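Asker: Mind looking over this structure? Questions follow.
The values are calculated or read from the model by the stated rules, or taken from the named source; none is laboratory data. Owing to the predicted nature of the structure, the values given are computational and were not obtained by experimental measurement. Heads up, the Cβs are rebuilt from the backbone with ideal geometry, glycines too, and the neighbour counts pull from every protein chain shown. With ligands, DNA and RNA removed, areas are computed over all heavy atoms of the protein, side chains included. Shrake-Rupley method; radii C 1.70, N 1.55, O 1.52, S 1.80 Å.
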Amino acid sequence: MTSSTAPVLRNLVGGTWRSTAETLEVRNPADARELVATVPSMDAAAVHAVFDAAERGAAIWRDTTPIDRGRVLLRAAALMREQREELARTLTREMGKTLAEATGEVAKAADFLEYYGGLGRDEQGNLLSHENPAVMAWAKHEPLGVVLAITPWNDPLLTPARKIAPALLAGNSVVLKPASYTPVIAIELARVLHEAGLPAGVLNTITGSGSVIGDALLDHPALRAVSFTGSNEVGDSLKASLAAREVRLLAELGGKNAAVVLADADLEDCIATIAAAAFAQAGQRCTATSRVLVQRSVLEQVERGLVEAARAHVLGSGLDSQTSMGPVVSPAQRDSVTAFVERAVADGAVATTGNIPPDASEHGCFVAPTVLTEVTTSMEIWTDEVFGPVVALVAFDTLDEAIDLLNASHYGLAAAIYTSDLNAAHTFVARADVGQVAVNLPTSGWDVHMPFGGFKSSGSGHKEQGLEGLEFYRRTKTVALRARTRSLV
Ligand code: NAP
């Protein structure tokens, strides 16, 4: 596609589609010559106007019933499923992941809309007992007002849906600021919700560089909560900026997720599971396995299996049915991941890689899947998040040692153990200092109804997903009512 045929997209603001004079280009990471679309590049004044619209939207939406809010979410889920092929192609062209991965993401985004939409008919509070029999008391949930969702590029449809669905069900209006590499699918999500009947101003989108409009995003007095997923660097800056304000912050941040392989594991199954968790989406998942701790007696077997899995990958455009691994999202991400591997090798690690077809790398952002051995636990490759298709192996002797190595990280997002020993599995579950623990399963892939979120510097103490995921987006008002002087019981 040439620039003349690429769509010029607009933002949803107060129920209408708005453009700006300045625009941002979105390019296909599999072939940078392809312009996918242009989107508005908003400035501070435009951002302020979006929050004005969201404030008006919040005033309308809070007076609707959860049942009606749920209906809109359920209609949006149905539309998304009808349009899944086109949405998946857009996602792949913009972000790079394979069509199969993108199709799975569309389905999961629809699951979020459906799950929270269904909760519109669930309990909305609870009846409380009271010492005085003439008093009826209850706790009811209320929306917060205007919620800002700031999302990264790695799951550019799923992550906005994970935030927007509970926020809307709870009765808030939302301003969505997607990552600048992947705004197109986020605008598509807004279109689907708009077509499903969301009133004007209830969902609004902002596109523009986060580092330029970051202050303006937090400026508006109507802002009540920020739900952020992204890097620790930006998460920490949001924490600092909001510290003195009555604005809630949910922050889902980085990870350095470990898989622990005990010698009694089903090695064939565990190697396939770890390889999938390390290399799917070219390793660009916050829950991707990036550290593999292997009991010494099976180290060689696990190394060999992961190298075979890396070499088996076919890299190319995610739209090509032969491709099993797409590009990483951008030239900057490619250079960052490549530099991590180069520094690891300079530190003494040994890298074994899969293959990038020469014609693919000329215009695409490809990184070969890489297995690093001879790694020590003081190396940067062991301690720092890479966010690419790179996995590092270290040997251990006892389960205690493995758990200590797992917990030595300042991150605490996800971990997995592979074993046939139930006692070992229970010990690991009890002692792993991470928000998500898997046994004989991948570190990634947590269903929409399962609470999700990291401990330590991977998170902010709030969970997303499931019933717990609703809590961030609402407050509880406790009511005691004495309607008459006689007993109500
Ligand atoms: P990022 O650089 O922090 O960007 C995330 C979002 O923040 C983008 O929308 C970005 O906009 C925006 N942003 C940048 N600077 C900002 C500022 N000063 N104020 C407000 N917003 C700002 O992260 P990323 O590189 O997109 O994503 C990768 C990171 O996300 C990794 O660390 C990964 O582990 C983490 N992640 C965590 C989870 C989880 O659930 N724990 C899930 C997925 C990803 P621009 O794109 O315009 O800069």
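Asker: Roughly how many nanometres apart are two label points built 7 Å out from the Cα toward the Cβ at Asp335 and Asp264?
Answerer: My value for the distance between the label points is 5.0 nm.
Asker: Which whole-number percentage describes the relative contact order of the chain, with Cα contacts under 8 Å and a sequence gap of 6 or more?
Answerer: 19 percent
Asker: Right, here's the next one. Report, by chain and number, residues whose modeled amide H sits under 5 Å from the one on Ala438, excluding near sequence neighbours (fewer than 5 apart, same chain).
Answerer: HN-HN under 5 Å from Ala438: Ala415, Ala416, Ile417.
Asker: On to the next question. If you take every DSSP beta bridge fully contained in the stretch 97-250, what fraction is antiparallel? Give it as a percent rounded to 5.
Answerer: Given both bridge residues lie in the stretch 97-250, the antiparallel proportion sits at roughly 20 percent.
Asker: Within the stretch 429-469, which residues have the backbone N less than 19 Å from the label spot 7 Å out from Asp404 along Cα→beta-carbon, could you tell me?
Answerer: 429-434, by backbone N distance to the label point.
Asker: Within the stretch 447-483, find all residues whose amide N lies under 18 Å from a label point positioned 7 Å from the Cα of Asp122 along Cα-to-beta-carbon.
Answerer: 447-453, 462-477
Asker: Another one. Based on the alpha-carbon gyration tensor of the chain, what equivalent-ellipsoid semi-axes (square roots of 5 times the eigenvalues) come out, in whole Å, largest first?
Answerer: 39, 30, 19
Asker: Hey, can you find the accessible area per residue of the chain for me, probe 1.4 Å, expressed in square angstrom?
Answerer: Value returned for the chain: 41 Å² of accessible area per residue.
Asker: Step through the residues of the stretch 369-381 one at a time and calculate ³J(HN,Hα) from phi using the Karplus curve (6.51 cos²θ - 1.76 cosθ + 1.60, θ = phi - 60°), rounding each to whole Hz and writing x for Gly and Pro.
Answerer: x, 10, 10, 10, 10, 6, 8, 10, 6, 8, 6, 4, 5
Asker: Need the list of lysines near Lys177 for cross-linking: C-alpha distance under 23 angstrom, and skip anything on the same chain fewer than eight residues off.
Answerer: The reachable lysines, counting only those whose Cα sits under 23 Å from Lys177, are Lys97, Lys108, Lys163, Lys239, Lys463.
Asker: Same structure, new question: Short version: ³J(HN,Hα) in whole Hz for each residue of the stretch 385-396, in order, from phi by Karplus 6.51 cos²θ - 1.76 cosθ + 1.60 (θ = phi - 60°), x for Gly and Pro, what are they?
Answerer: 3J(HN,Hα) across the stretch 385-396, in whole Hz: 5, 9, 6, x, x, 9, 10, 10, 10, 9, 8, 9.
Asker: For the chain, give me the percentage of DSSP beta bridges that are antiparallel, rounded to the nearest 5 percent.
Answerer: Around 40 percent of the beta bridges assigned by DSSP in the chain are antiparallel ones.
Asker: How long is the gain from Asn232 to Glu85 if the chain were fully straight, where each residue apart is worth 0.36 nm and the alpha carbon distance is subtracted?
Answerer: Roughly 49.6 nm would be gained on extension.
Asker: Here is a follow-up. List the residues whose amide H sits under 5 Å from the amide H of Val135, counting only those 5 or more places along or on another chain, with H placed 1.01 Å from N in the peptide plane.
Answerer: Placed amide hydrogens put Leu488 under 5 Å from Val135.
Asker: Which whole-Hz couplings ³J(HN,Hα) result when phi for each residue of the stretch 41-57 is put into the Karplus expression 6.51 cos²θ - 1.76 cosθ + 1.60, θ = phi - 60°, listed in order with x for Gly and Pro?
Answerer: Coupling constants for the stretch 41-57: 10, 7, 9, 4, 5, 5, 4, 4, 5, 5, 5, 4, 5, 5, 5, 5, x Hz.
Asker: First compute the accessible area of the chain with a 1.4 Å probe, then give the percent of it belonging to carbon and sulfur atoms.
Answerer: Taking all protein chains in place, the chain shows 51 percent carbon and sulfur surface.
Asker: If amide hydrogens are placed 1.01 Å from N in the peptide plane, which non-local residues have theirs closer than 5 Å to the one on Leu176?
Answerer: For Leu176, whose amide H was placed from the backbone, the distant partners under 5 Å are Ala149, Asn204, Thr205, Ile206.
Asker: Of the peptides 330-336, 161-167, 6-12, how do they stack up when ordered by the mean number of other Cβ atoms within 10 Å, highest first?
Answerer: Going from most to least packed, we get 161-167, 6-12, 330-336.
Asker: Can you give me the angle between helix 331-347 and the longest principal axis of the chain, using Cα atoms only, in degrees from 0 to 90, rounded to the nearest 10?
Answerer: 40 degrees
Asker: Pairs of Cα atoms under 8 Å, at least six residues apart: use those to get the relative contact order of the stretch 366-444, whole percent.
Answerer: 25 percent
Asker: What FRET efficiency do you get for Ala480 and Ile67 if R0 is 25 Å and r is their Cβ-Cβ distance, rounded to the nearest 0.05?
Answerer: The value I calculate is 0.45.
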